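Read through the structure below, which is laid out as structure tokens, and then see the notes.
The values are calculated or read from the model by the stated rules, or taken from the named source; none is laboratory data. Keep in mind that this is a model prediction, so the values were computed, not measured. Cβ: placed from backbone, ideal geometry, glycine included. Neighbour counts: every protein chain shown. Surface accessibility is based on the protein's heavy atoms, side chains included, excluding ligands, DNA and RNA. Shrake-Rupley method; radii C 1.70, N 1.55, O 1.52, S 1.80 Å.
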Amino acid sequence: MEEHIIIIGNGISGITCARHIRKNSNKRITVISGESPYFFSRTALMYVYMGHLKFEHTQPYEKWFWKKNKIELIHKYVTDINTNDNELIFEDKSTIRYDKLIIATGSKPNKFNWPGQNAKGVTGMYHKQDLDYIEKYAANSADCKRAVIVGGGLIGIELAEMLHSRNIPVTFLVREPSFWSNVLPKEESEMINREIREHHIDLRLNTNLKQINTDTSGKTNSITIAETSEQIVCNLVGLTTGVSPNINFIKNTNISTNKGILVNSFLETSVENIYAIGDCAELQNPTNNRKAIEAVWYTGRMMGETLAQTICGNKTAYKPGHWFNSAKFFNIEYQTYGWVSNQPKTHETHFYWEHETEKKCIRINYNKTTQEFIGINTLGIRMRHSFFEKILNEKKSVQYVLAHLADANFDPEFYTLYEKEIVAKFNKENSCTIQLKKKSWKRIFSKA
Amino acid sequence: MIKTIQNTGLVLLLIGFGIFISLPFLGSFKITPEVFEELISANNIKSELFISKVKTTILNNEFSSAYSLSSEITTAIENANAQHLKNKEFKQKIWTNPESLSFSIIKKSGNGFIATNNTLLWWLTFGLAIIGALLYNIPKVITLGAKGIKNNGIFSHPSTNRGWIGWMVFIFLIVFYIVLYFKPAYIVNWTYLVDTTSKALSGNDASQWFLYGYLYTVVMFVMAVRMYIKYRHNNYQILRTTSVLFFQLVFAFLIPEIMVRFQLPWYDFKNAFPLDYDFFFSWNLKQLINTGTFGLFILVWGIALTIIIVPILTYFFGKRWYCSWVCGCGGLAETLGDPYRQLSNKSLKAWQLERWVVHSVLVFALLMTAITLYAFFAETKEVLFIKTQNIQDVYGFLIGSIFAGVIGTGFYPIFGNRVWCRFGCPLAAYLGIIQRFKSRFRITTNGGQCISCGNCSTYCEQGIDVRAYAQKGENIVRASCVGCGVCAAVCPRGVLKLENGPESGRINPTEVLLGNDIDLMNYVNKK
């Protein structure tokens with residue numbers, strides 16, 4: 001009998017892990033999800049509401065894929081784990097036995113005990129069910145005269161874009177003095193503020209929610225702002241104040257948890273043969289300036305790739321490489337490679353260039369004394385991941401990066417390039433004479 | 001205000017279109033003895049039966065539609081031919097295709113309002129429709145908001161979601177192509193609208209093919225305006241659209257017609273064999289050889305285009321240089337067809353079917369050409385007991401008309417805008433083989449940035465599951481990719497880039513994506 005691996009959660013972590021286990025072994029694999037029968041891309045849910053995609057387009061694999069790769073799927077919620085008998089208990093009280101268990105249950109939207117937060121018309125934007133809920137309460141601007149979004153992060157702005165696509169007026173409450181300013185430096189953050197406002201979103205900075213008010217039937221009809229006690233009439237409230245690990249169902253087990261499920265560098269929990277990956281895992285000893293809990297698509301995928309190695313007998317520690325991330329704020333694409341924080345740290349300094357009229361900018365963070373490149377942010381300009389991976393591995397200088405910006409650029413062909421302008425600005429500010437090099441395929445494809 | 005302009009545009013478009021489709025049902029036609037004599041001698045008709053039948057029952061009679069007159073003529077031809085066959089009077093049989101003969105007779109017989117008011121009716125049809133479409137589309141510069149990807153509501157709109165509008169467009173296109181190919185006489189009234197232009201270019205009255213080329217070019221221009229507005233942030237799309245417009249207008253429309261004026265053969269210099277499937281047919285070879293130096297030049301150019309220019313450019317740029325920058329079929333697909341690109345089937349089954357069908361068509365085209373050329377040089381009409389004429393007729397009917405036209409364009413609103421290019425075009429199959437095995441072109445996947453959202457796959461007109469590669473960090477190297485660049489445009493995370501680069505490393509299967517420092521080499525070495 002082959003070992004039975006059960007994975008709870010069919011998101012990117014769980015499915016990546018299942019795929020890689022199948023690649024490297026013949027073990028029996030079962031993936032359980034209460035949310036949806038098949039894997040879908042959570043980040044694409046917004047496009048379903050906006051009419052860019054149908055829900056089935058968010059599913060990366062056709063139905064035959066699972067059978068062909070002998071990955072069994074169960075569409076039920078798990079309510080408890082009996083770690084003594086290696087047994088999962090489902091909502092319908094049925095059970096299933098595992099040899100190894102991988103918990104990949106992702107996140108759930110945060111709620112901060114606001115009065116009225118469980119009223120009808122209040123929702124997060126995380127699960128497939130949230131999408132259905134928004135479709136029900138905010139199908140169009142006739143049903144939903146206004147929506148209020150609470151929380152200025154990535155999901156908040158996506159929800160704003162969604163509702164905007166159906167002409168629903170949106171008020172966007174952001175606690176911080178500027179959008180996502182705990183991550184983005186001032187200029188980038190302000191550019192996004194402008195982008196939000198140009199889409200006629202009523203952006204309220206430095207603003208907190210006090211409470212959600214309902215009518216007699218329990219439906220949301222307005223919210224109250226904490227600072228001014230102003231009431232804003234609305235039919236939908238989106239709570240997008242971050243997410244936290246979705247681990248309620250294991251609170252009664254002997255698996256150690258803090259905010260998330262505690263795991264060591266091999267993604268092992270406190271109980272033998274039980275592992276946790278993705279958003280729900282909390283690393284006890286994160287490395288490389290990484291956070292203990294990273295609710296990011298790429299982190300989930302990398303943990304899945306890594307754990308599959310361990311499960312298949314090649315015990316491997318989770319060792320994420322250089323940080324990278326991306327997002328899209330309405331029409332502005334954002335990419336980052338390496339570390340750029342909102343303020344330069346003591347040994348760091350920033351170089352910043354912004355286009356005169358268009359919403360395009362680039363920021364390079366580097367070491368003041370050694371000139372070593374540390375990280376880059378770009379808005380409206382695409383960059384080549386492999387270029388920066390190599391630069392960071394080889395600890396190249398900011399001057400090297402600027403001279404080779406043509407290698408780094410990943411914009412579509414025939415796009416206007418601003419490399420000359422960028423280099424000229426750096427040269428002027430730093431009284432140096434960096435020469436821009438021509439794009440070289442040889443350099444681009446040479447392995448680090 | 002803007003909404004009013006757009007609605008006015010829509011109304012004008014619909015009025016123009018309404019008048020246009022009502023034209024074939026109207027008009028008055030009368031065959032005069034002079035016209036008839038002229039056509040009889042021009043077509044070398046010797047059937048006394050047919051001539052006397054026309055003279056007694058059709059000549060000088062008023063017909064109120066092309067449809068009724070056409071059926072009288074074709075019936076007369078068929079009856080006469082049947083009689084001749086029965087009596088073994090082969091010399092009297094009418095060899096001209098009844099539908100073409102009927103078209104040329106009726107074309108000369110229109111005498112009413114429609115046949116004589118070309119300019120007015122042009123404005124009431126083409127004019128209104130063009131103005132209406134522009135009034136509807138140009139305000140999108142404002143209504144779509146700031147530049148960027150604008151796909152809101154695509155899957156909830158009945159025209160782009162196989163809804164009722166899509167099905168109406170489908171029915172119109174299917175009927176249009178069937179009439180164009182098989183019953184041209186019905187649309188004689190449409191050809192009057194463009195007679196002035198045709199005379200100015202070639203000196204001849206407009207045939208149904210001139211009308212088709214004219215309509216094709218006009219539709220491409222109007223829909224290109226929409227394309228320019230929709231993708232105005234994307235220079236690749238703007239240049240590509242300009243390129244297909246240029247090649248359609250100059251190479252497919254103007255040059256061939258002007259060549260006819262100078263007694264040269266009608267030839268589209270960019271239309272490469274085997275898409276140009278009758279290039280090696282004996283009538284064409286004879287015509288080219290008889291045209292002298294210029295004909296020989298066309299002959300050499302046509303051969304060089306297929307065996308030298310096409311492979312070399314495809315090596316350097318991928319098949320996109322042809323399929324989405326030059327080709328007329330591609331040009332229509334990228335303009336009129338752009339609103340339907342998301343309807344192509346992305347399943348593995350569709351890919352398997354595609355490979356079988358498109359390569360079968362290529363084999364069919366090559367076999368037919370081989371037989372044709374053998375027959376040409378051996379000066380015979382049969383090879384292995386197969387009449388070359390028959391195999392050419394079958395190809396022309398099944399592939400040239402039904403597949404390329406009726407299915408290829410008719411099914412835009414149902415199966416997406418590249419049905420012909422993906423499943424049927426023998427040139428695309430040939431280019432695809434080169435692109436897959438010997439080319440510098442690829443779509444680079446940007447390391448580990450893919451979030452599997454599915455926009456790329458959904459908007460791939462060729463039905464390539466782009467995401468399947470992108471989410472594994474692999475470059476996309478596929479025979480069918482026409483390099484339209486829309487996958488890279490719709491990607492929200494900047495993951496895809498069309499590039500021409502060195503062949504080594506072009507196909508890059510990966511075990512683990514970029515950004516994760518798993519050292520698998522240790523493990524592999526241990527094994």
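Would you tally the residues in segment B:330-356 being in a helix (DSSP H, G or I) and either open to solvent by 40 Å² or more (accessible area, probe 1.4 Å) or free of Cβ contacts under 8 Å to residues at least 24 places away in the same chain (or both)? Here the count works out to 7. Of all residues in segment A:274-292, those being in contact (Cβ under 8 Å) with a residue 24 or more places away in the chain and more than 19 Å from A:Asn10 (Cα to Cα) number 6. Just one of the listed residues (B:Pro509, B:Pro502) is more than 10 Å from chain A (Cβ to nearest Cβ) and either surrounded by fewer than 22 Cβ atoms within 10 Å (Cβ to Cβ) or at pLDDT below 95 (or both), namely B:Pro509.
For A:Tyr352, are the conditions met, namely being crowded, with 16+ Cβ neighbours inside 10 Å and not in a strand (DSSP E or B)?
Taking the combined requirement at face value, the residue does not satisfy it.
One residue stands out in segment B:342-398 among those that are of a type in the set (S, T, N, Q) and under 30 Å from B:Asn161 (Cβ atoms): the one that is nearest to the chain's Cα centre (by Cα), namely B:Ser344. No other residue among A:Leu402, A:Leu417 is part of a loop (DSSP other than H, G, I, E, B), within 30 Å of the chain's Cα centre (by Cα) and of a type in the set (A, V, I, L, M) apart from A:Leu417.
For segment B:481-490, the set of residues classified as more than 8 Å from every other protein chain (Cβ to nearest Cβ), open to solvent by less than 10 Å² (accessible area, probe 1.4 Å) and not in a helix (DSSP H, G or I) consists of B:Val482, B:Gly483, listed by residue number. Of everything in segment B:31-69 that is closer than 17 Å to B:Asn189 by Cα and open to solvent by 70 Å² or more (accessible area, probe 1.4 Å), the residue that is nearest to the chain's Cα centre (by Cα) is B:Tyr67. Each residue in segment A:313-331 was checked for being among the hydroxyl-bearing types (Ser, Thr, Tyr) and either within 7 Å of another protein chain (Cβ to nearest Cβ) or open to solvent by less than 10 Å² (accessible area, probe 1.4 Å) (or both), and 2 of them qualify.
Among the criteria (1) of a type in the set (Val, Ile, Thr); (2) part of a helix (DSSP H, G or I); (3) over 30 Å from B:Ile130 (Cβ atoms), the one B:Ile31 does not fulfil is (2).
Checked against (1) away from chain B (no Cβ under 11 Å); (2) under 22 Å from the mean Cα position of the chain (by Cα); (3) surrounded by fewer than 23 Cβ atoms within 10 Å (Cβ to Cβ), A:Val423 passes all but a single condition, namely (2). Determine, yes or no, whether B:Ala470 is more than 9 Å from chain A (Cβ to nearest Cβ), open to solvent by 10 Å² or more (accessible area, probe 1.4 Å), in contact with a helix residue (DSSP H, G or I) (Cβ under 8 Å, 6 or more places away or on another chain) and in contact (Cβ under 8 Å) with a residue 12 or more places away in the chain. So B:Ala470 fails the test. Residues in segment A:11-52 that are assigned to a loop (DSSP other than H, G, I, E, B), closer than 26 Å to A:Ile157 by Cβ and under 21 Å from the mean Cα position of the chain (by Cα): A:Gly11, A:Glu35, A:Ser36, A:Phe39, A:Phe40, A:Ser41, A:Met50, A:His52. Taken together, the criteria place A:Thr310 among residues that are in a helix (DSSP H, G or I) and more than 10 Å from chain B (Cβ to nearest Cβ).
Tell me which residues, restricted to segment B:444-463, are under 25 Å from B:Ala272 (Cα atoms) and either surrounded by fewer than 24 Cβ atoms within 10 Å (Cβ to Cβ) or within 14 Å of chain A (Cβ to nearest Cβ) (or both). Selection gives B:Cys460, B:Gly463. For segment B:127-154, the tally of residues that are within 14 Å of chain A (Cβ to nearest Cβ) and closer than 25 Å to A:Leu379 by Cα stands at 11.
Only one of the numbered conditions (1) over 30 Å from A:Cys312 (Cα atoms); (2) of a type in the set (A, V, I, L, M); (3) open to solvent by less than 10 Å² (accessible area, probe 1.4 Å); (4) more than 9 Å from every other protein chain (Cβ to nearest Cβ) is violated by B:Ile433, and that is (3). Here the helices (runs of 4 or more DSSP H) wholly within segment B:280-327 that include at least 2 residues being under 30 Å from A:Glu413 (Cβ atoms) and in contact with a Gly (Cβ under 6 Å, 6 or more places away or on another chain) are B:320-323.
Only a single criterion out of (1) within 9 Å of chain B (Cβ to nearest Cβ); (2) touching a helix residue (DSSP H, G or I) at 6+ places or on another chain (Cβ under 9 Å); (3) free of Cβ contacts under 8 Å to residues at least 60 places away in the same chain is not satisfied by A:Ile381, namely (2).
Just one residue in the set A:Lys390, A:Lys359, A:Lys396 is crowded, with 17+ Cβ neighbours inside 10 Å and either out of contact with any strand residue (DSSP E or B) (no Cβ under 8 Å at 6 or more places or on another chain) or free of Cβ contacts under 8 Å to residues at least 12 places away in the same chain (or both); that residue is A:Lys390.
In the set A:Ser36, A:Ser41, which member is within 13 Å of chain B (Cβ to nearest Cβ) and farther than 15 Å from A:Cys312 by Cα?
Values: A:Ser36 fails: within 13 Å of chain B (Cβ to nearest Cβ).
The match here is A:Ser41.
From the list B:Leu10, B:Leu85, B:Leu23, the lone residue that is open to solvent by less than 20 Å² (accessible area, probe 1.4 Å) and assigned to a helix (DSSP H, G or I) is B:Leu23. Against the criterion of being free of Cβ contacts under 8 Å to residues at least 12 places away in the same chain and either assigned to a loop (DSSP other than H, G, I, E, B) or under 30 Å from A:Val78 (Cα atoms) (or both), A:Glu227 does not qualify. Within segment B:161-173, the set of residues being more than 9 Å from chain A (Cβ to nearest Cβ) and either at negative phi or assigned to a helix (DSSP H, G or I) (or both) comprises B:Gly163, B:Trp164, B:Ile165, B:Gly166, B:Trp167, B:Met168, B:Val169, B:Phe170, B:Ile171, B:Phe172, B:Leu173. Is it fair to say B:Arg467 is in a helix (DSSP H, G or I) and charged (D, E, K, R)? Taking the combined requirement at face value, the residue satisfies it. Note on segment B:229-250: among residues that are more than 14 Å from chain A (Cβ to nearest Cβ) and without any contact (Cβ under 8 Å) to a residue 40 or more places away in the chain, the one that is surrounded by the most Cβ atoms within 10 Å (Cβ to Cβ) is B:Leu249.
Scanning segment A:24-76 for residues that are open to solvent by 30 Å² or more (accessible area, probe 1.4 Å), within 16 Å of A:Ala104 (Cβ to Cβ) and free of Cβ contacts under 8 Å to residues at least 60 places away in the same chain gives A:Tyr38, A:Glu72, A:Ile74, A:His75, A:Lys76.
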